[in-house]
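Following: one structure in structure tokens, then a few remarks.
The values are calculated or read from the model by the stated rules, or taken from the named source; none is laboratory data. Given the structure is predicted, the values throughout are model-derived calculations rather than measurements. Using ideal geometry, Cβ is built from the backbone for each residue, glycine included, and neighbour counts are taken over all protein chains shown.
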Amino acid sequence: MPVLKVNGQSHNLAVPDDAPLLYVLRNDLKLNGPKFGCGLSQCGACTVLIDGQPVRSCVTSAGAVVGQDIVTLEGLGTPEKPHRLQRAFIDEQAAQCGYCANGMIMRAKALLDTVPKPSEGEVRLALDGNLCRCGVHQRIISAVMRASREA
């Protein structure tokens with residue numbers, strides 16, 4: 001029975017250690033930022049931050065992250081006060097269907113935490129493993145660049 005620290009709060013959960021973290025976050029904690037995309041760690045829709053590093057929660061077990069800080073999209077900001085990346089995605093209209101937005105924002109957060117003023121090339125490289133089916137890639141890049149300027 002793992003105790004997970006998610007978005008600054010500890011949760012004592014009656015789930016098996018090998019339960020996929022994504023399922024625990026969505027089903028047990030009702031955090032719907034991370035999405036189920038492929039289930040194979042290929043699309044990035046399920047990305048969360050574990051101790052500040054982007055991790056695919058669909059292939060990470062709950063037991064593997066006990067004692068680590070887990071941050072989901074919900075942990076970045078609120079509707080009243082969104083994180084600068086969330087605000088930039090809104091301002092740049094960087095989500096068409098919105099399915100990839102979680103993974104894009106979480107990877108961008110990890111990038112901006114380590115490289116506060118990245119080049120466009122660095123942003124593209126950081127987001128390279130995340131897929132967007134709608135084709136708003138340029139708006140996503142623009143949103144990350146905007147957020148980096150607003151730091």
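This table checks each residue for (1) in the same structural domain as TYR99 (by TED's automatic domain parsing); (2) over 13 Å from ASP69 (Cα atoms); (3) surrounded by fewer than 18 Cβ atoms within 10 Å (Cβ to Cβ).
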residue	(1), (2), (3)
LEU13	no, yes, yes
ASP17	no, yes, yes
PRO20	no, yes, no
VAL24	no, yes, no
ASP28	no, yes, yes
PRO34	no, yes, no
CYS38	no, yes, yes
ALA45	no, yes, no
VAL55	no, no, no
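Scanning segment 113-151 for residues that are assigned to a helix (DSSP H, G or I), of a type in the set (Gly, Ala, Ser) and without any contact (Cβ under 8 Å) to a residue 12 or more places away in the chain yields a total of 1.
Tell me the residue from ALA45, ALA88, ALA110 that is touching a residue at least 24 places away in the same chain (Cβ under 8 Å), of a type in the set (A, V, I, L, M, F, W, C), touching a Gly at 6+ places or on another chain (Cβ under 7 Å) and assigned to a helix (DSSP H, G or I), please. Quick ask: steps written out before the conclusion?
On the way: ALA45 fails: assigned to a helix (DSSP H, G or I); ALA88 fails: touching a Gly at 6+ places or on another chain (Cβ under 7 Å).
None of the other options fit; the residue is ALA110.
Here GLU150 meets each of (1) at pLDDT 95 or above; (2) more than 21 Å from LYS35 (Cβ to Cβ); (3) of a type outside the set (S, T, N, Q) with one exception, condition (1). Among all residues of segment 117-126, there is none that is in contact with a strand residue (DSSP E or B) (Cβ under 8 Å, 6 or more places away or on another chain) and surrounded by 15 or more Cβ atoms within 10 Å (Cβ to Cβ).
Could you count how many residues in segment 91-102 are in contact with a Cys (Cβ under 7 Å, 6 or more places away or on another chain) and either surrounded by fewer than 13 Cβ atoms within 10 Å (Cβ to Cβ) or part of a helix (DSSP H, G or I) (or both)? Working first, answer last.
Within segment 91-102, the subset in contact with a Cys (Cβ under 7 Å, 6 or more places away or on another chain) is 96-97, 100.
In the following step, the residues that additionally are either surrounded by fewer than 13 Cβ atoms within 10 Å (Cβ to Cβ) or part of a helix (DSSP H, G or I) (or both) were identified as 97.
Matching residues across segment 91-102 total 1.
Against the criterion of being at pLDDT 95 or above, in contact with a Lys or Arg (Cβ under 6 Å, 6 or more places away or on another chain) and not assigned by TED's automatic domain parsing to the domain that holds ASN7, ALA88 qualifies.
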